[in-house]
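Participant: Have a look at the structure that comes next, please.
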Amino acid sequence: MANHKSAKKRIRSNDAKRESNRYHGKTVRNAVKAIRTNDNLEEVAKDLPSVVSKIDKLAKKGVIHKNKAANLKSGLMKRVKPVADKA
């Protein structure tokens, strides 16, 4: 266990950041799953920019790797591409 005041504070702040990262990561995973399972492609196209923004923010903060973010966005874009081609 930590003996220094700064080490105890670091443990507390790490725990707080971990909880925040887990929350935001889970939120994005749920949003990606919602887009993948939704059959209404117009609705998916409307929700896509906000999900892509959330993915970018997680990658920027280091919660997920930048390549994973790129792969997630690529998969979502492939799903929405038929709607964009019709418009």
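The values are calculated or read from the model by the stated rules, or taken from the named source; none is laboratory data. Fair warning: this is a prediction, and the values are worked out from it, not measured in the lab. Neighbour counts are summed over all protein chains in view; Cβ atoms, including those assigned to glycine, are modelled from backbone coordinates with ideal geometry.
Participant: Residue by residue through segment 1-31, note down the ones that are of a type outside the set (Val, Ile, Thr), in contact with a helix residue (DSSP H, G or I) (Cβ under 8 Å, 6 or more places away or on another chain) and at pLDDT 95 or above.
Facilitator: Taking segment 1-31 first, the residues of a type outside the set (Val, Ile, Thr) are 1-10, 12-26, 29-31.
Applying the additional criterion that residues be in contact with a helix residue (DSSP H, G or I) (Cβ under 8 Å, 6 or more places away or on another chain) yields 2, 21, 24-25, 31.
Passing the criteria: Asn21, His24, Gly25, Ala31.
Participant: Any idea which residue in segment 7-60 is surrounded by the most Cβ atoms within 10 Å (Cβ to Cβ), counting only those that are free of Cβ contacts under 8 Å to residues at least 12 places away in the same chain, assigned to a helix (DSSP H, G or I) and among the acidic types (Asp, Glu)?
Facilitator: That would be Glu43.
Participant: Suppose the filter is of a type in the set (S, T, N, Q) and surrounded by 15 or more Cβ atoms within 10 Å (Cβ to Cβ); does Asn67 pass it? Outline the logic, then answer.
Facilitator: On the way: of a type in the set (S, T, N, Q): yes; surrounded by 15 or more Cβ atoms within 10 Å (Cβ to Cβ): no.
Against the criterion (of a type in the set (S, T, N, Q) and surrounded by 15 or more Cβ atoms within 10 Å (Cβ to Cβ)), Asn67 does not qualify.
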